[in-house]
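What follows is a short report on a single structure.
The values are calculated or read from the model by the stated rules, or taken from the named source; none is laboratory data. Source: prediction; values computed, not measured. Here Cβ is always computed from backbone atoms with ideal geometry, including for glycine, and neighbour counts include all displayed protein chains. What goes into the accessible areas is simple: the full protein's heavy atoms, side chains included, and nothing from ligands, DNA or RNA. Shrake-Rupley method; radii C 1.70, N 1.55, O 1.52, S 1.80 Å.
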Amino acid sequence: MGRLWMMALLPVLASVPAKAEQQSRVMPLEQVKSILEATKDSWVAYRIYEGRQYYYVTHLLSWRCGIKQVRYSENSDALDKTWPLPECNKLIPNSIPNDAKIYAVRAKTGSIKTVTIQVEFDDGTTSPVRIYEPCEGVGEATCGYLKEER
């Protein structure tokens with residue numbers, strides 16, 4: 001849903017002339033941290049589509065300005081992978097480029113039981129480790145929930 005909203009804004013933002021004097025629209029890091037903390041339930045979403053299981057981190061990508069790294073793991077708490085973050089565009093910081101990787105895998109339905117995530121911010125601080133599970137019985141709807149926080 002967030003990606004569609006952002007895509008609807010792109011034609012409007014594209015019509016704004018790029019000027020050297022335009023200022024960064026990136027929020028201060030403390031505000032980004034507060035927003036991500038308030039929306040921690042939305043960091044991971046799962047979906048079953050055409051018999052495959054997907055999981056998305058679209059929400060984190062839209063707030064990547066201020067995020068240094070996203071570490072994650074599937075079905076473990078190893079945090080042994082890093083999510084590729086597109087470069088921050090300071091004029092449109094919450095937009096997600098079309099070529100950004102918004103989902104991690106297309107797996108056999110039910111094979112991803114949990115996704116564990118920890119965010120490292122630009123100032124070197126980290127979020128708690130958070131474990132997300134897919135919602136049960138929602139069909140093809142996109143849904144996930146925060147199961148545990150450490």
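Within the stretch 102-125, restricting attention to residues that are within 28 Å of S34 (Cβ to Cβ) and modelled with pLDDT under 95, which residue is farthest from the chain's Cα centre (by Cα)? Result: A104. For the stretch 126-150, the tally of residues that are within 12 Å of I48 (Cβ to Cβ) and more than 17 Å from the chain's Cα centre (by Cα) stands at 7. Every listed requirement among (1) at pLDDT 95 or above; (2) surrounded by 14 or more Cβ atoms within 10 Å (Cβ to Cβ) is met by P128 save one, (2). Would you confirm, using the coordinates I've provided, whether S73 is within 30 Å of Q22 (Cβ to Cβ) and either open to solvent by less than 40 Å² (accessible area, probe 1.4 Å) or β-branched (V, I, T) (or both)? No; evaluated as a whole, the condition is false for this residue.
Here the strands (runs of 3 or more DSSP E) wholly within the stretch 1-101 that include at least 1 residues being over 16 Å from L146 (Cα atoms) and modelled with pLDDT of 95 or more are 67-74. None of K108, K101, K68, K90 is open to solvent by 10 Å² or more (accessible area, probe 1.4 Å) and touching a Pro at 6+ places or on another chain (Cβ under 6 Å) except K101.
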